[in-house]
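Below: the structure, in structure tokens.
The values are calculated or read from the model by the stated rules, or taken from the named source; none is laboratory data. Owing to the predicted nature of the structure, the values given are computational and were not obtained by experimental measurement. Backbone-built Cβ (ideal geometry, glycine too); neighbour counts: all protein chains shown.
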Amino acid sequence: MKGYTVAVVGATGAVGQEILSILEERDFPLSTLVPLASKRSVGKKLIFKNREYFVKESQPAEFEGVDIAFFSAGTKVSKDMAPEAVKRGCTVIDNSNAFRMDPEAPLIVPEVNPHHLRQHKGLIANPNCSTTQMVVALKPLHDYTPIRRVVVSTYQAVSGTGLGAIKELTEQTADLLAGKKVTPAVYPYEIAFNALPHIDVFDDRGYTLEELKMDQETKKIFATDEIAVNATAVRIPVYRSHSEAVLIETEAKLTPQKAREILSQAPGIRVVDNLDKLQYPMHIAAAGRDEVFVGRIREDFTVENGLNLWIVADNLRKGAALNAVQIAERLVADNLL
Ligand code: NAP
Ligand code: 3JN
């Protein structure tokens, strides 16, 4: 198989580092790695497949000869640099919010809408982590009977905010346990021993952008406006994995038993739902894993055709890096580069 030249923009960050490990672990057909980051990281050494690489600054010229570029350095870098990469013949898989709603850019979750990849024009968007794990679990149910309304509350790990937030949780926890005062830097309030109903910026109706992304992205991925998602996104003091308490309202009746049967056969999903043995999905069990875990499946008696689910996945893997690498694998397999 051909070996591809692959750039990772944001190679020193939480998502970028995870992309590198997943490329290595899945033995992606890569011949040359081009690790890129900000000026601050120039010259930093990375080991990939037992070879040394040195980080370079992300500049348009670095994309010459690159086949695939993963972007995970924030919206501004994607907006500035992804079009430059595409102009140079590179296929971009972007982890940021920059192009997700761009009609020219397919928004892809391989288990859900791989067929949308055929329309790509060089730039493919990776959804927000909270959307990705939710749509993986909801798509097989939506295929059985259309889901019309979703009410979701998220419990999101600090790794979703990057390396700075991981450090902040560790330091705050140690300081508070030692009886010291802490000064929040990444979040507006202490995250240790706390929960913040605030992820991304607020709009004038009182929703955060993170919450609105879940509605807009789900509509685009499912290719319908006839599904509505109402979200409350909450940051909690765990390092890894996002959990979601989800209510779905379906057109026809969907029993918990049928939902379990459908989900057990669906790609990328592991049903963990045995209350007799106290088995349900948890943050610590999902960390480092590729599957989307679903449990606590039960009828919602307060609405017609309502079902409750608890959905957990590793936010850095299926929520970001793994989904991006799976998109690249699809492009290679389907000859779409
Ligand atoms: P992080 O740990 O803070 O890492 C940020 C990365 O961006 C670092 O590699 C940093 O390089 C690089 N960077 C910053 N400014 C840059 C610039 N001007 N030019 C080139 N590189 C620059 O953050 P993260 O958690 O990895 O997240 C990075 C981005 O990925 C987020 O902003 C978001 O857009 C996206 N993301 C998406 C999801 C998802 O759900 N799909 C989840 C998390 C994050 P230095 O080390 O040199 O500063
Ligand atoms: O907060 C999380 O758990 C996920 C964070 C995602 C994120 C963080 C900073 C900027 C995004 C995203 O993927 O939507 C962005 C962004 O690109 O806007």
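Computed values, structure above
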| item | result |
| --- | --- |
| Any pair with Cβ under 7 angstrom, 6 or more apart, that starts in the range 203-230 at a residue that is of a type in the set (D, E) and ends at one that is buried (at least 23 other Cβ atoms within 10 Å of the Cβ) and in a helix (DSSP H, G or I) | E210/S130; E217/T131 |
| Residue among F222, F193 that is more than 14 Å from ligand 2 (Cβ to nearest atom) and either among the small types (G, A, S) or more than 23 Å from the chain's Cα centre (by Cα) (or both) | F193 |
| Number of the exception - V234 against (1) under 22 Å from R317 (Cβ atoms); (2) more than 17 Å from the chain's Cα centre (by Cα) | (2) |
| Matching residues in the range 305-337 - criterion: being crowded, with 24+ Cβ neighbours inside 10 Å, more than 24 Å from G74 (Cα to Cα) and away from ligand 2 (no atom under 16 Å from the Cβ) | L309 |
| Lone qualifier among P140, P110 - being part of a loop (DSSP other than H, G, I, E, B), of a type outside the set (V, I, T) and touching a residue at least 24 places away in the same chain (Cβ under 8 Å) | P110 |
| Residues located in the range 84-112, provided they are away from ligand 2 (no atom under 16 Å from the Cβ) and farther than 16 Å from A328 by Cβ | E84, K87, R88, P103, E104, V112 |
| Output for the range 127-180, where each listed residue is within 16 Å of ligand 1 (Cβ to nearest atom) and either at positive phi or basic (K, R) (or both) | G162, K167 |
| Number of the condition not met by A73 [criteria: (1) more than 8 Å from ligand 1 (Cβ to nearest atom); (2) in a loop (DSSP other than H, G, I, E, B); (3) among the hydrophobic types (A, V, I, L, M, F, W, C)] | (1) |
| Candidate set: the range 266-304, residues that are in contact (Cβ under 8 Å) with a residue 60 or more places away in the chain and away from ligand 2 (no atom under 16 Å from the Cβ); chosen: the one surrounded by the fewest Cβ atoms within 10 Å (Cβ to Cβ) | P267 |
| The range 143-160: number of residues that are assigned to a strand (DSSP E or B) and charged (D, E, K, R) | 2 |
| Count - residues of the range 150-196 that are under 30 Å from D300 (Cβ atoms) and among the charged types (D, E, K, R) | 0 |
| Among the candidates E24, E62, residue that is within 13 Å of ligand 1 (Cβ to nearest atom) and surrounded by 13 or more Cβ atoms within 10 Å (Cβ to Cβ) | E62 |
| The range 225-237 - residue that is within 11 Å of ligand 2 (Cβ to nearest atom) and among the β-branched types (V, I, T) and, of those, nearest to M134 (Cα to Cα) | V234 |
| From the options A61, A85, A14, residue that is farther than 25 Å from S159 by Cβ, at pLDDT 95 or above and out of contact with any strand residue (DSSP E or B) (no Cβ under 9 Å at 6 or more places or on another chain) | A61 |
